[in-house]
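The structure under discussion appears below in the form of structure tokens.
The values are calculated or read from the model by the stated rules, or taken from the named source; none is laboratory data. What you see is a predicted model; the values in this text were computed from it and never measured. Glycine also receives a Cβ, built like all others from the backbone with ideal geometry; neighbour counts cover every protein chain displayed. What goes into the accessible areas is simple: the full protein's heavy atoms, side chains included, and nothing from ligands, DNA or RNA. Shrake-Rupley method; radii C 1.70, N 1.55, O 1.52, S 1.80 Å.
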Amino acid sequence: MAHSFFGGVHPKGYKELSCMEPIRPISPKTVTISMSQHIGAPCKPLVSMGDRVTVGQKIGDGQGLCAPVHASVSGEVVFVGPRPSPTGTFVESVVIESDGKFTLSPTVQKRDSLDGLTAEELIAIIREAGITGMGGAGFPTSVKLSSGLGKVDTVLINGAECEPYITSDDRLMQESPERILRGIAVINAILNPKKTVIGVENNKPQAIASLRKHLKGEAELLPLKVRYPQGAEKQLIQSVTGRCVPPGGLPAAVGCAVFNVATCAAISDAVFEGLPVVRRAITVTGKAIAKPCNLLAPIGTAFEDLVEAAGGFASDPYKIFVGGPMMGIAQHTLEASTIKGNNALTCYSQEDRPPQNEPHCIRCGKCVEVCPMHLMPLFLHKARKKGDLEDLEKRNLMDCIECGSCAYGCPARIPLVQSFRTGKKMLRDAKAKEAKK
Ligand code: SF4
Ligand code: SF4
């Protein structure tokens, strides 16, 4: 076992801002539930304005690569139409005014054990519960499980939470180890792996102790070195198994499947409580936040409600990210609402603002040293600026996992990740144009 991976960086964690704060439930007055919370085709709304809904009721679904969405509060549907999403676009959404009662749908039914359930039946339950990668990937978990049947010998449970500032998984592991372990038991029952390993960075001793105390043979626990991006899927596989996922390949290509700890908790809720994904733990943090904390927020909670629940802004924010500062998406307003994959809202203060120099590459090569995907970020950036699509393709831009290690280490503070996101869009647009010819 390697217990580490190539490249990476050691950004300051700032986890102390929120890691001692227990997960606290909040009850927003309205929720805005996006029909596009996953990779794949958006859902079509199944409700109309004026409908009454209950918690866990399915309110959107679709065909193919799709995960249904559910009401996260009980109350009345007051709008169906486009609303701002964390991706910066407007997305078809259902707005529900809460009656404050959190009345459960009659479809929410408990189950005591897995006895008599086949792998296919468990996958169907997980599909109906709308579970997607809760670490942010948004890939429908039922599809990951069915495509792993018969191909996976090692299941990896991702408790690394390597992104600075975020502590929601840490708190979840400390506070709800049984839910995580029950979810792992379900995954084991489906995939029947030879080995299941929970990887947790060793800067989370309470989380490690809590899981260890409750383990009953579902998995082995492996403390990992603290290095960013330890929690990226391919890097976790390399750290734990020593196997390298080939460029453009998926974990199943090397016999692995990776699930975030929050995804495991969601699987437990779905199978044993009958509860779809209607809420999640989310860290609200950063120097601009008055009282950084961890909240249990219904899916669709407005970002402004999260900030209010965290005591509001202590100072004028300089930048707000959904997620952490390395891989998060910058927000221009607080109008959007949470989706299943959002684990944090990080608010930078003015003191985090970088110096305003015109960024200029000094060819120091630091970005190459730290890239865990063995890419050449400085040349990728140059090619992107020139619009040289052939060079971007030749240099495997699409293998970039947008971890931000290169930008973190860049002395010129070049916004490399934004540059690569733009470059990937250029490549995708060019391919789509070519396919239409
Ligand atoms: S780290 Fe920044 S300045 Fe150094 S080579 Fe890479 S892009 Fe250029
Ligand atoms: S090029 Fe992509 S994968 Fe490599 S360090 Fe930069 S963001 Fe991470």
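Among the residues that make up segment 90-107, is at least one of them in a helix (DSSP H, G or I), aliphatic (A, V, I, L, M) and in contact (Cβ under 8 Å) with a residue 60 or more places away in the chain?
Among the residues of segment 90-107, not one is in a helix (DSSP H, G or I), aliphatic (A, V, I, L, M) and in contact (Cβ under 8 Å) with a residue 60 or more places away in the chain, which makes the answer no.
Within segment 2-30, work out how many residues are part of a loop (DSSP other than H, G, I, E, B) and touching a residue at least 12 places away in the same chain (Cβ under 8 Å).
20
Exactly one condition in (1) touching a strand residue (DSSP E or B) at 6+ places or on another chain (Cβ under 7 Å); (2) among the hydrophobic types (A, V, I, L, M, F, W, C); (3) open to solvent by less than 20 Å² (accessible area, probe 1.4 Å) is false for I267; which is it?
Evaluating I267 over (1) touching a strand residue (DSSP E or B) at 6+ places or on another chain (Cβ under 7 Å); (2) among the hydrophobic types (A, V, I, L, M, F, W, C); (3) open to solvent by less than 20 Å² (accessible area, probe 1.4 Å) leaves (1) as the failure.
If the Cβ limit is 9 Å and pairs must be 6+ apart or interchain, which residue in segment 316-342 that is of a type in the set (F, W, Y) pairs with which residue that is open to solvent by less than 20 Å² (accessible area, probe 1.4 Å) and in a strand (DSSP E or B)?
Close Cβ pairs (under 9 Å, with a partner that is open to solvent by less than 20 Å² (accessible area, probe 1.4 Å) and in a strand (DSSP E or B)) amount to Y318/C347; Y318/S349; F321/A344; F321/L345; F321/T346; F321/C347.
Considering segment 297-321 alone, what residues qualify as being surrounded by fewer than 21 Cβ atoms within 10 Å (Cβ to Cβ) and in contact with a helix residue (DSSP H, G or I) (Cβ under 9 Å, 6 or more places away or on another chain)?
Of everything in segment 297-321, those that are surrounded by fewer than 21 Cβ atoms within 10 Å (Cβ to Cβ) and in contact with a helix residue (DSSP H, G or I) (Cβ under 9 Å, 6 or more places away or on another chain) turn out to be F313, S315, D316, P317, Y318, K319.
Filtering segment 356-384 down to residues that are part of a loop (DSSP other than H, G, I, E, B) and open to solvent by 90 Å² or more (accessible area, probe 1.4 Å), which residue is nearest to ligand 2 (Cβ to nearest atom)?
H374
On the basis of being more than 16 Å from ligand 2 (Cβ to nearest atom), under 25 Å from E335 (Cα atoms), open to solvent by 70 Å² or more (accessible area, probe 1.4 Å) and not β-branched (V, I, T), does M35 make the cut?
In short, no.
Could you check segment 416-437 and list, in sequence order, the residues that are open to solvent by 50 Å² or more (accessible area, probe 1.4 Å) and either within 26 Å of F6 (Cβ to Cβ) or touching a residue at least 12 places away in the same chain (Cβ under 8 Å) (or both)?
Q418, R421, T422, M426
Identify all residues within segment 390-428 that are near ligand 2 (Cβ under 9 Å from one of its atoms) and either of a type in the set (S, T, Y) or farther than 27 Å from H10 by Cβ (or both); write none if there are none.
S405, Y408
Could you tell me whether segment 322-332 includes any residue that is in a helix (DSSP H, G or I), out of contact with any Leu (no Cβ under 6 Å at 6 or more places or on another chain) and either surrounded by 13 or more Cβ atoms within 10 Å (Cβ to Cβ) or β-branched (V, I, T) (or both)?
No, there is no match, as no residue in segment 322-332 is in a helix (DSSP H, G or I), out of contact with any Leu (no Cβ under 6 Å at 6 or more places or on another chain) and either surrounded by 13 or more Cβ atoms within 10 Å (Cβ to Cβ) or β-branched (V, I, T) (or both).
Restricting the search to segment 402-415, which residues are over 21 Å from the mean Cα position of the chain (by Cα) and either closer than 11 Å to R384 by Cβ or without any contact (Cβ under 8 Å) to a residue 60 or more places away in the chain (or both)?
Correct list: C410, P411, A412, R413, I414, P415.
Which residue, of E351, E335, is at pLDDT below 95, in a helix (DSSP H, G or I) and closer than 30 Å to R24 by Cα?
After applying the criteria, what remains is E351.
Report yes if some residue within segment 390-408 is under 29 Å from P292 (Cα atoms), in contact with a Lys or Arg (Cβ under 8 Å, 6 or more places away or on another chain) and more than 16 Å from ligand 1 (Cβ to nearest atom); otherwise report no.
yes
With open to solvent by 50 Å² or more (accessible area, probe 1.4 Å) and in a loop (DSSP other than H, G, I, E, B) as the only criterion, which of S72, S48 stands out?
None of the others qualify; the one that does is S48.
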